[in-house]
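Inspection log for the structure reproduced underneath, given as structure tokens.
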Amino acid sequence: AQSVTQPDIHITVSEGASLELRCNYSYGATPYLFWYVQSPGQGLQLLLKYFSGDTLVQGIKGFEAEFKRSQSSFNLRKPSVHWSDAAEYFCAGQDRGSTLGRLYFGRGTQLTVWP
Amino acid sequence: EPEVTQTPSHQVTQMGQEVILRCVPISNHLYFYWYRQILGQKVEFLVSFYNNEISEKSEIFDDQFSVERPDGSNFTLKIRSTKLEDSAMYFCASSEDRNQPQHFGDGTRLSIL
């Protein structure tokens, strides 16, 4: 069965520090992969997506993610975190070529940023 | 930038009552979805909708749930007889195509008393 795993429930970093949020997937074939961010009281905003091609994808707000097939991973990174990045981050997968479009979400990682 | 709009932002309902959650998807999108997130748990897929019919539904989406696109703009989720365990944040999403990114609304927090 398809699944997406985010091993870290909560991460705390200092402002200006680098950030890496982990995401692993388990699918029959390489899925489409997404990272979403949820600020308090708001919906899920798409940060970036991976469909095919270049395994390093750039997103909004200075985020990037790298797809590694050998590790079944799609980790989210940012070189220098800002206090406004404090939020919950969700990794999601979608069956490639699916006629249905259903997303499978990880549990989410809560990011706290210390000033 | 166009966005998905959900109303109300918070709904409090007595157990056993019917509730309707409303969504206005992005205007040129053709695929519509409902997800829910119980506090502390994963975001879970409920149902997808295309061409005026359900494309897929999860095991959560039982006979108590229904969806409808009553006009050209709204997309609704109805829960006929609410249970305590229906308390959750419900998200509506839409996409241009089934393999295009889904855009989410801000959610409706449903509290069942």
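Where a number appears in this text, it was derived from the coordinates with a stated rule and is not lab data. Since we're looking at a predicted model, the values are computed, not measured. Here Cβ is always computed from backbone atoms with ideal geometry, including for glycine, and neighbour counts include all displayed protein chains.
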Dipole in debye (nearest 20) - segment A:3-114, about Cα centre, beta carbon charges: Lys, Arg +1; Asp, Glu -1: 280
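Determine the shielding of peptide B:35-48 by partner chains: average, over its residues, the number of Cβ atoms on other chains within 10 angstrom of each Cβ. Intermediate values should be presented prior to the final figure.
Details: counts 5, 0, 5, 0, 0, 3, 3, 10, 11, 3, 7, 1, 1, 5.
Average neighbour count from other chains, rounded to a whole number: 4.
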Orientation-averaged projected area, Cα convex hull of chain A (nm²): 7.1
Size of charge dipole - chain B - debye, nearest 20, with Cβ of Lys, Arg +1 and Asp, Glu -1, no other charges: 260
Reachable aspartates and glutamates, given that their alpha-carbon falls under 14 Å from the alpha-carbon of A:Lys61 and they are not under 8 places away in the same chain: A:Asp85
Percentage, to the nearest whole number, of Cα pairs in segment B:5-112 over 23 Å apart: 19
Burial ranking of peptide ranges A:55-61, B:40-46 (average Cβ count within 10 Å, highest at the top): B:40-46, A:55-61
Hits among lysines - C-alpha to C-alpha of B:Lys42 under 21 Å, sequence gap 8 or more where chains match: A:Lys49, B:Lys57, B:Lys83
Per-residue mean of C-beta atoms belonging to partner chains within 10 Å, peptide A:34-45: 4
